[in-house]
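Reviewing the structure listed below.
The values are calculated or read from the model by the stated rules, or taken from the named source; none is laboratory data. As the structure is a computational prediction, the values presented were derived from the model and not from experiment. FYI the Cβ positions are ideal-geometry reconstructions off the backbone, even for glycines, and counts take in every protein chain you see. SASA here: full protein model, heavy atoms, side chains in, ligands and nucleic acids out. Shrake-Rupley method; radii C 1.70, N 1.55, O 1.52, S 1.80 Å.
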Amino acid sequence: MTSRTGIADTPEGFPAGYLVRAAGLVSCGVIAFEIGLIRVLQYASWYHFAFLVITIALLGFGMSGAILSLWRGYLLRHRHTALSVLILLTALSIPVMLQAAQFLPVSGRFLPGLVVGQLAWWAGYWALLTVPFALGATAIGLALMSAGERLSAVYASNLVGSASGAVGVTIVMYFVDPAWLGYVTGAVVLAAAYRGDWRTLSNGLVSSSVLAVLTVLAVLAGALLALLHPPFIRVDDDKYLAYVDRLEEDGQAEQLARAVGPTGVVEAFGSDAFHDMAFMTDERVPPSMASIVVDGHRAGSLLRIERPAQAEALDGTLMALPYGLVPSNPRVLLLDEVGGGNIWLARRHGAAAVDVVQPNRVLSDLLAGSLEEEGGMVFGLPGVALHPVEPRAFLEGTRGAFDLIQLAGMESWSAASGGLEGMNQDHLMTVEGVAAALRRLSPDGILHMSRGIQLPPRDNAKIAATVIAALEQSGIARPGAHIAMVRDFLGVCTMVRPRPWRVGEIRRLRDRAAERNLTPVYFRGITAGELNRPDELPGPPGQDGDYLYHVMRSLLSGDPDETARFFDEWPFEVRPATDDRPFFGNFGKLGALPDFRRAYGAGWLLRSELAFLFVLSTAVIVTCAGLVLMLLPFVFRADIRRASGRSIAAAYFLAIGLAYLVLEIAFLSGIQRLLGDPAIGGAATVGGFLLCSGLGSLAADRIAKLPGVTLGRLALVPAVLAIPVFTGLILLALFGGAWSLGLRLAAVLVLIAPLAFAMGLPFPLGLRWFGARSAALVPWAWGVNGCASVLASPLAMIIAMQWGFVLTVTTAAACYVVAACAAMWSAGRSVALAPGISSSPSRYRPARQPGSS
């Protein structure tokens, strides 16, 4: 029918195309808020709490299913008013809840005696941020319930809108401070409230004029609030930025520069209180310096000098040691260099050329811009080349040979304590990444990394295991002959050659170590008299040397059983990271927690590595929450309890909900590794999967009309494609790493397109299939799917951290097989999906309008 205004109405009374447009805009804003919230939490707190955002968002989707199921009849009777109100509340809640959460004193470090209170604050934080996702998901679910025969188009718009939000917010982050992302994404959702024809609201609970006035008032109130009280982000008190902020408040520090982007918020501060140089142990006075802070973490020091002679203090650092052991006028490669100190060190030692790899483009631009006069000019010195790419991508793309390769990004005292960095993925510090660095060394070159000391050894033990595995992967039978390790009382310097160390080189190493009062840890021909002198550290009772020497002996024993026993018995997880399990910072062992409790008593939380325990706890919590949300409608709604095929429907939507997100998370790791840029990789993965899945949903009705097509067969397609496509991604990373970024991006999209297209089919067609048996199953299925997605995020991380991403993909494929079996069981025999078309005597019945009697 056509209204008097000339706008065609859908059978549900909505203006033509409105449901499609509304679902797309709400999805765009909500997914943009989700990604923006990850950026906010990475700046405010720690990575593993940012990981929770996905769980928070999907828990909101699970809640929406319960809401739609419990109040299905009411919402459908007043669908016009309800949809507009839900959209308006979603738009308002995004900035309001984000700002309200900033007033809660959450902390990333759980202290003994305060754990209960800290968890309570985090629960409140979590609850506030769940509200926008629950409201937005309820609006999208109501649009799907009201879509009738246009269900596939509305669901396709949901996916395409989500893809647009993922890509769009990545671009917006280059120009908008994270604190303002709530307002930006809320405005996108607010645009969905425009209907084009408000007359259909006249018979609702709220008149069209009232809703229009409320919308205008909401916009004005938001603008006034933003002007009077600009949004802010509360930074965790334990982060370095909080310390600098306190100095700034006291007038002891000043902000020199600030820039934002999808890869982080980069800030530079100047203060006379900054005098810390990594691993400088002699009495030389360091030059004036600025502190560079990325996402609230101290990233490095920017020396405010103009000539190499002013950097004499750097000769007292561990990083200066390799220069006396490599050829003169070396060609130097600095991976993940931040402040430029290592560039000055290379220039002091006559480096012929210095290649600097810094993947954070925001930082690179800042150093070449407003920080140039503060010391950033060192990155533009003659003979210095800056490469704004990921270190692993550079290693695989370059064909040059280097006399010294320095993993500058490893130069910190340790990975963050408490396992706070345990979920970060690092494709450089894997067996394959170190092997790639070794291939770029000249015959007399050295691969060098320095790392702080922990007792018992943790980071340096894992470095040693990774280096040994990389040498063995390169075909070296006796890796111990290629490694030398020395230390002082602060850090350990690990040096690796592509060939065995020669006698003369070991003699020079001994001489330099003696000159600088360094303690030998391990090298070819080390004697008992050299061990643990002059700086003595604890070691195994009754054995020579410190614990790190004991680690090296165990790893180089040549006995696989002894090495395996060492890995099993060591209190930290120090098995080498691989491309399949790229979690170098994950040192946690669940089995070691009782030992930590006995050894440290009430302080065991501060000593333990909690990353994996955090993910496991999250999985348990969200599983319980998901079960409650799925069972609530079942308990209180008799129509769901009586619905035919409810158990099979639950199994089907649970399986495809788990499969979709688990698969997406697994591909995210591989695509970020291939593209060499986390922001572009994230946008390409999320955007590519959602866009192609949206196209699949849009074509679902046409595909359903093809002869012999059944829901079970369609659910099997992603299961069949998942492992071959992921294998293709691995091969692409191995052989296409040197391709241009544009070519790699195009190859990724072409590779994942068929799989993602197939992944867009099971949900809309399954919703139609099970909705034909009972309209009550439609909102419940939406909620079950959302609850499954909640569990998918921690489940994917658990599998990846313990067994790798290949098994993660295999698990997702198995879930699609379960969904296919559920669909086949429901059908009983092969039944065509399209109304009126069947490949068997049993005909498919068209879905009733949800909510109809």
- Note on the structure: Sequence order, the stretch 256-265: Karplus ³J(HN,Hα) from phi using 6.51 cos²θ - 1.76 cosθ + 1.60, θ = phi - 60°, Hz rounded, Gly and Pro as x, gives 8, 6, 8, 8, 10, x, x, 8, x, 9
- Query: What are the extents of the Cα atoms of the chain along their three principal axes, listed from largest to smallest and rounded to whole Å?
  - Reply: 91, 60, 53
- Message: If you split all Cα-Cα distances of the stretch 312-591 into 5 Å bins from zero, what percentages do you get per bin, shortest first?
- Response: 1, 6, 13, 17, 20, 18, 14, 8, 4, 1, 0, 0
- Query: Which far-off residues, 5 or more places away or on another chain, put their amide H under 5 Å from the one on S442, with H placed in the peptide plane?
  - Reply: F402, D403
- Surface per residue (accessible, 1.4 Å probe) for the stretch 782-828, Å²: 30
- Item | Overall Cα dimensions of the stretch 637-829 - principal axes, largest extent first, Å | 58, 38, 25
- The percentage of the accessible area of the stretch 312-591 (probe 1.4 Å, all protein chains present) made up of carbon and sulfur atoms, to the nearest whole number, is 49
- Can you work out ³J(HN,Hα) from phi for every residue in the stretch 575-584, in order, using Karplus 6.51 cos²θ - 1.76 cosθ + 1.60 and θ = phi - 60°, giving whole Hz and x for Gly and Pro? 4, x, 6, 10, 4, 7, 9, x, 10, 4
- Once both axes come from the Cα atoms, what is the angle between helix 678-698 and the longest principal axis of the chain, in degrees from 0 to 90, rounded to 10? 20
- Once amide H atoms are built 1.01 Å from N in the peptide plane, which residues 5 or more positions from A577, or in another chain, come under 5 Å H to H? V431
- Read phi for every residue in the stretch 616-624 and hand back ³J(HN,Hα) as whole Hz from Karplus 6.51 cos²θ - 1.76 cosθ + 1.60, θ = phi - 60°, with x for Gly and Pro. 5, 5, 4, 4, 5, 5, 6, 5, 5
- Helix-only CD estimate at 222 nm, as mean residue ellipticity for the chain, using -39500 (n - 2.57) per DSSP H run (n ≥ 4): -17500 deg cm²/dmol
- Note on the structure: Using a 1.4 Å probe on heavy atoms of the protein chains only, the accessible area for M410 in Å², nearest 10, reads 20
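Which trypsin sites (Lys or Arg not before Pro) in the stretch 361-415 sit in a loop by DSSP (not H, G, I, E or B) and have at most 10 other Cβ atoms within 10 Å of their own Cβ?
Working: sites: R361, R392, R399; in loops: R399.
Passing both the DSSP loop test and the Cβ count: R399.
Quick check: with the 1.4 Å probe, what order do Y18, Y243 take by accessible area, largest first? All intermediate terms of the calculation are to be shown ahead of the outcome.
Values: Y18 0, Y243 85 Å².
Sorted descending by solvent-accessible area, the residues read Y243, Y18.
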- Here the longest stretch of the chain that holds no GluC sites (Glu not before Pro) in a DSSP loop having at most 15 other beta carbon atoms within 10 Å is 537-853
- Which order do the peptides 256-266, 120-130 take when ranked by the mean count of other beta-carbon atoms within 10 Å per residue, highest first? 256-266, 120-130
- Message: For the chain, take the longest principal axis of its alpha carbons; what is the angle in degrees between that and the long axis of helix 805-827, to the nearest 10 within 0 to 90?
- Response: 10
- Could you check what % of the DSSP bridge pairs in the chain are antiparallel, to the nearest 5? 65
- Amide H contacts under 5 Å for G339, restricted to residues at least 5 apart in sequence or on another chain and with H modeled in the peptide plane, are S301
- Tilt, helix 459-473 to longest principal axis of the chain (alpha-carbon atoms), in degrees rounded to tens, equals 90
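Rounded to a whole number, what % of the accessible area of the stretch 637-829 do carbon and sulfur atoms account for, probe 1.4 Å? The partial results should precede the final answer.
Working: 4620 of 6330 Å².
Ligands and nucleic acids excluded, carbon and sulfur reach 73 percent.
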- Query: Just going by the charge dipole of the chain, with Lys and Arg at +1 and Asp and Glu at -1 on Cβ, which of P132, Q310, V817 is farthest out on the positive end?
  - Reply: V817
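Might you report the magnitude of the Cβ-based charge dipole of the chain about its Cα centre, with Lys and Arg at +1 and Asp and Glu at -1, to the nearest 20 debye? Can you show the working numbers first?
Working: 64 positive and 63 negative charges, 769 e Å.
That gives a dipole near 3700 debye.
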